[in-house]
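Down below is the structure, laid out as structure tokens.
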Amino acid sequence: MVRKVVLFFLLSGLLVGSTNTGDLEKKLESASRTEKLEILTQLSNRLARTEPEKSITYAQKALELARELHNKTAEGRALQALGNGHLFAFRYR
């Protein structure tokens, strides 16, 4: 059972990792709240260097959703993505 769960997460990570940002944005429309949380964080991470403002927006949405879902791990990932967005937007002190 544990192997199946681990395999599922590995495969789903590979599948999501192989899509471009446009595909991920389309997936947001029909995704569950938990899936949206993961997609928003991935979008933020992927766009941090090229479109930091958009990255920050996605990270803020992920952070809000993580807090609504009381998911501390996802909240930490969203905060990290938010920090990366600000770093590449040169907004740090």
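Every number here is computed from the coordinates shown, using simple stated rules; none is lab data. Predicted model, so just to flag it, every value in this text is computed and none were measured. Cβ: placed from backbone, ideal geometry, glycine included. Neighbour counts: every protein chain shown.
Report the local net charge at GLU64: Lys and Arg +1, Asp and Glu -1, summed over other residues whose C-beta lies under 13 Å from its C-beta.
Overall, the nearby charge balance is +2.
Which aspartates and glutamates, if any, have their Cα less than 15 Å from the Cα of LYS27, not counting same-chain residues under 8 positions apart?
Within reach: GLU35, GLU38.
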